[in-house]
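This report refers to the structure that appears directly beneath it.
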Amino acid sequence: MRADSVVIVIHNLLGGPISRDYTGVKTLPMFLYTAGVIGMSVAFFTLCLCDLHHMLYSRDLVLSVIDLLMLLGIATTVFTIQSSSLIKHLYKSGASLFQCLADIDGHLYALNMRRDPAHSFSSNCLIGFACASSISLAYLLANVLRIKRTVGMIFAFKTYGLFVVFLMHGLFLVFSYQIWQRIRYMVKHLEKMIATINRQNDQSIVAAAGNVGLRFFRDLKMLAIVHSHCFRAVTRLNEECGLANVSIFGMFFYVLTAKSFQLFYICSIEFKRHGFTFTHVLEPTVLIIAVFSYFFATTYLGEMVLRETQLVINNLHKLESLHKTDQSELVEQLGNQIMHQTICFNVINFFQIDLKFFHQVMASVATYLIILLQFDFQN
């Protein structure tokens with residue numbers, strides 16, 4: 001079994017929504033299994049609530065409240081991810097993400113692409129799984145000296161929840177990267193077409209003009225089909241991960257705000273009361289680095305998809321200026337298709353994932369952090 005298949009199976013076993021088209025697996029058994037996974041997660045979280053008293057009164061009240069909200073945030077995100085998978089099984093879904101990518105690759109192959117666009121998919125999935133495992137392990141090691149019998153269940157649930165969340169978001173990054181690579185192939189092929197036409201015009205080649213024109217029409221039609229499949233793949237990815245991403249980005253915002261404040265609190269107020277404790281600094285540091293890295297990578301990929309799509313439009317404008325009127329009409333039709341079928345990552349059409357969104361969230365984090373630092377927690 002390939003590495004990507006193993007990662008997807010693990011994701012599905014944990015109740016994740018991204019799956020392959022398994023013809024032998026019916027919807028009802030998958031629905032019941034996902035419901036069972038949610039039930040086990042709820043039972044796990046209920047056991048954590050039994051240790052809530054020890055967590056709240058074993059540390060400073062401010063730090064205890066931050067930990068409590070972190071626990072609730074992880075639980076909410078995990079339940080949202082698994083619930084989105086449950087909702088997916090209730091409705092008849094169209095082609096899977098894997099089928100969308102396969103359709104794109106089939107038409108790119110017809111354009112004589114020398115490299116297989118899917119050659120890195122398996123390694124990308126493996127990297128996503130390794131990153132999720134590393135973050136969960138790092139979080140566990142950062143808290144290993146704080147783990148006691150009374151709060152051990154809480155740390156176990158947090159570790160489990162972080163693995164589910166980062167594996168889910170890691171797969172979202174993998175598919176975002178794969179779609180971006182395919183749009184880049186469109187840009188490169190258009191650049192090759194422009195170079196071929198310029199070379200033909202410079203050399204005044206008349207004999208081969210007919211063959212070039214036929215190949216030009218064929219390639220443009222194929223690029224229009226590729227763009228349609230890319231649009232369908234992005235739409236499918238936004239649908240499958242939309243509900244989960246709302247909760248994930250909400251948790252990211254809380255981690256960046258609360259854990260940054262926790263670092264300040266530990267290094268200033270808590271230091272004056274009980275002295276500096278290195279183990280208390282490790283946990284927020286690990287979470288901030290992990291969340292910031294994932295959040296930046298997501299918004300960067302979203303921005304790159306927008307820029308590559310704009311490059312496709314720019315290259316089409318160049319092609320339009322190089323051809324006759326009847327040929328330019330076909331270029332204009334493809335340009336209109338791209339303008340009306342905008343390829344971008346969004347979260348349930350609530351906000352668009354790009355660097356502008358990254359700047360807005362980081363500005364909000366800074367604003368809330370400044371507000372929190374105004375409070376006098378020493379009295």
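The values are calculated or read from the model by the stated rules, or taken from the named source; none is laboratory data. The model shown is predicted, which means the values in this text are computed figures rather than measured ones. Every residue, glycine among them, receives a Cβ derived from its backbone with ideal geometry; neighbour counts consider all protein chains shown.
Table for the structure above
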{"read-out": "Of the criteria (1) in contact (Cβ under 8 Å) with a residue 24 or more places away in the chain; (2) within 30 Å of Ile266 (Cβ to Cβ); (3) of a type in the set (Gly, Ala, Ser), which one Ala363 fails", "value": "(1)"}
{"read-out": "Residues of the range 335-379 satisfying the condition of being exposed (fewer than 11 other Cβ atoms within 10 Å of the Cβ) and assigned to a loop (DSSP other than H, G, I, E, B)", "value": "Asn349, Phe350, Gln374, Phe375, Asp376, Gln378, Asn379"}
{"read-out": "Residue list for the range 36-75, restricted to those being exposed (fewer than 15 other Cβ atoms within 10 Å of the Cβ) and under 30 Å from the mean Cα position of the chain (by Cα)", "value": "Gly36, Gly39, Met40, Val42, Ala43, Thr46, Val65, Leu68, Leu69, Leu72"}
{"read-out": "Enumeration of residues in the range 79-118 that are at pLDDT below 85 and either aromatic (Phe, Trp, Tyr) or at positive phi (or both)", "value": "Tyr91, Tyr109, Asn112"}
{"read-out": "Among residues of the range 117-144, those that are touching a residue at least 24 places away in the same chain (Cβ under 8 Å) and in a loop (DSSP other than H, G, I, E, B), counted", "value": "1"}
{"read-out": "Matching residues in the range 336-379 - criterion: being β-branched (Val, Ile, Thr) and under 25 Å from Ile179 (Cα atoms)", "value": "Ile338, Thr342, Ile343, Val347, Ile348, Ile353, Val361"}
{"read-out": "Where Val246 falls short, out of the listed (1) within 33 Å of the chain's Cα centre (by Cα); (2) hydrophobic (A, V, I, L, M, F, W, C); (3) surrounded by fewer than 20 Cβ atoms within 10 Å (Cβ to Cβ); (4) at pLDDT below 85", "value": "(4)"}
{"read-out": "First in the range 334-356 and over 23 Å from Leu316 (Cβ atoms), second anywhere and among the hydrophobic types (A, V, I, L, M, F, W, C) and exposed (fewer than 15 other Cβ atoms within 10 Å of the Cβ), Cβ under 9 Å, 6 or more apart", "value": "Leu355/Phe296"}
